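Scroll down for the structure; my scribbles are underneath it.
Every number in this text was worked out from the coordinates using simple rules, so none of it is lab data. Treat the numbers as computed from the prediction; the structure is a model and nothing was measured. When we count neighbours, we look across all protein chains shown, and the Cβ atoms used for this are built from the backbone with ideal geometry, even at glycine.
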Amino acid sequence: MKTKLERFTMERLSEPADFEALLRRDVREGLTATPKTLPSIYFYDDHGSDLFDQITELPEYYLTRLETEILEEHADELISRYCPHELMEIGAGFARKTRILLSAMHRAGVGDAYVPIDVSDAALEHAGAALTDTYEWLTVRAYIGDFGTDLHRVPRGGNRIVAFLGSTLGNLAPVDRPAFLAEIAASVADEDVLLLGVDLVKDESTMVAAYDDSRGVSAAFNKNILTVINRTLGGDLPLDAFDHETAFFPDSGCMKQSLRANRDVTATLSDIGLTIDFTGGESIHTEWSCKFTIDGITAELAQAGLTVTDSLTDRNDQFALIVATK
């Protein structure tokens, strides 16, 4: 039997981005634009990641709960149907829901490899160590990379289930989704299957509550982007001058998270020599959380060269796992 050290490897697919240089560029461009914007990737320092974990446990945040229920109900059926040699997961994070699919693979005796790709080496290190501790039969080949450009570079060990869960696709602006879905399609071989989690359009009050919970965790998560910028760029953006705001835009099918100035504010980011004026009521767009219909995502996948073979939903049709092949 292989040792744990032999069962867990981690490689880099491309040169690491200069995080600080990207942050400086994105903040300068975003806060001098009209309207102002900040990329949601900057939510996730250690505190931001902890806040997001808290969000997934909130009663209003149905997404994680429903996707987990669907996986638990259908994992054995999916594994028996497609008999994957390996499970590749895009944007794996800490791989919590992944265990449902891995356990089904082991019960069916069809595969023993987990192949996650994520930009965070810390998340991959955590997931790989935890999974190889739990499953003595499992081999983890982890890859650090940008899943917008590096998916096709992940070495193959056999036919795959390619999982992209959590409705993370919805965090892309609609205009950016075609290129990303084309990158996914390029990583899927004829013998593979894509398992895509998507949150479905539903009554507006349910969607809004998921991003504006009664305990204020979502608001703290949204404001954490200002904390990251202040700490990293020598800023003095006052958190109490901005209110968390979320709204649904039916034309795009997207929830939009913003921080709205509740008064006139002048703030300085000394490390990049930037002073920004905000008028009361002005917003900074921070995140997309787009929702889908079955017909809509079927059409988007078809445009990328993938055919939907099944859509598995919860009993109230609020969340779906889309199954697609080439």
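So, counting K/R as plus one and D/E as minus one, what does the shell of residues with Cβ under 11 Å around Lys4 add up to?
Result for the local shell: -1.
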Listed residues Phe180, Phe249, Phe164, most fluctuating in the chain (Gaussian network, C-alpha, under 10 Å): Phe249
Solitary cysteines of the chain, where the nearest other Cys Cβ is not under 4.7 Å: Cys83
C-alpha center-to-center spacing [the stretch 228-294, the stretch 106-137] in angstrom: 36 Å
FRET efficiency, 1/(1 + (r/R0)^6) with R0 35 Å, evaluated for Glu77 and Ala173 via beta carbons: 0.55
Among Val208, Ile100, Ala142 the positive-end extreme of the charge dipole of the stretch 94-229 (Cβ point charges): Ile100
Folded to 0 to 90 degrees: helix 62-82 orientation relative to the chain principal axis, Cα: 20 degrees
Summed residue charge, Cβ within 12 Å of Arg28's Cβ, Lys/Arg positive, Asp/Glu negative: 0
Distance between modelled label sites at Asp18 and Asn262, nm, 7 Å Cα→Cβ extension: 3.9 nm
Test item: Cα-centred dipole of the chain, Lys/Arg +1 and Asp/Glu -1 on Cβ, debye: 420 debye
Answer label, with volume of the Cα convex hull per residue in Å³ calculated from the coordinates and candidates [x] 162; [y] 147; [z] 132: [z]
Across Lys36/Lys202; Lys36/Lys256; Lys223/Lys291; Lys202/Lys256; Lys2/Lys97, pairs whose alpha-carbon gap is larger than 18 Å: Lys36/Lys202; Lys223/Lys291; Lys2/Lys97
